[in-house]
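Since every read-out is calculated from the coordinates, none of them should be taken as a lab result. Because the structure is predicted, anything quoted here is derived from the model rather than measured. Heads up, the Cβs are rebuilt from the backbone with ideal geometry, glycines too, and the neighbour counts pull from every protein chain shown.
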Amino acid sequence: MSEGAAERLDALERELLARADRAHRDLEEIRRARTATTADDEHDPEGSTLSDDWSRTAGLRDAARAGLAEVAAARLRLADGTYGTCTRCGGPVGEGRLAVRPAAARCVSCA
């Protein structure tokens, strides 16, 4: 069940790290725009507000961080031999599910 799992987890981790880094850079850019004395898009009826952008980008950052925690937990399951076993019911998670979601901790029924 764990054949290729480490490689899939590595690829997912790289993707999530890139997302988290991109979100961090975007948040820094929004922070700079919020402190600019001339930035007043909060009243622009044509576009999103800086607050909207901040909330969306912070959500993307938080999702990437949560994904990284899932990858870390999956690596622990891989190391202790429980990778691919549902953490809820103890049944198999399934190769297809793990191919798509390598950090999945639960089978489709329990998810």
Practice prompt. Per DSSP H run of at least 4 residues, take -39500 (n - 2.57); add these up for the chain, divide by its residues and hand me the 222 nm value, nearest 500 deg cm²/dmol.
Written response: -21500 deg cm²/dmol
Worksheet, complete the sentence: Scalar couplings 3J(HN,Hα) for region 74-85 by Karplus 6.51 cos²θ - 1.76 cosθ + 1.60 (θ = phi - 60°), nearest whole Hz, x for Gly and Pro, are 5, 5, 5, 5, 4, 5, 8, x, 9, 4, x, 10
Worksheet item: In whole percent, what relative contact order does the chain give with Cα contacts below 8 Å and a gap of six or more residues?
Response: 30 percent
Fill in: Test item: Cα-centred dipole of the chain, Lys/Arg +1 and Asp/Glu -1 on Cβ, debye
640 debye
Worksheet item: Which ³J(HN,Hα) values in Hz, rounded to whole numbers, follow from the phi angles of region 91-97 under the Karplus curve 6.51 cos²θ - 1.76 cosθ + 1.60, where θ = phi - 60° and Gly and Pro get x?
Response: x, x, 6, x, 4, x, 5
Practice prompt. Using R₀ = 35 Å, calculate the FRET efficiency as 1/(1 + (r/R₀)^6) where r is the Cβ-Cβ separation of Glu3 and Ala69; round to 0.05.
Written response: 0.90
Worksheet item: If R0 is 22 Å, what FRET efficiency do you get for His24 and Thr87 from their C-beta distance, rounded to 0.05?
Response: 0.15
Worksheet item: Taking the alpha carbon gyration tensor of the chain, what are the square roots of 5 times its eigenvalues, largest first, to the nearest whole Å?
Response: 39, 14, 10
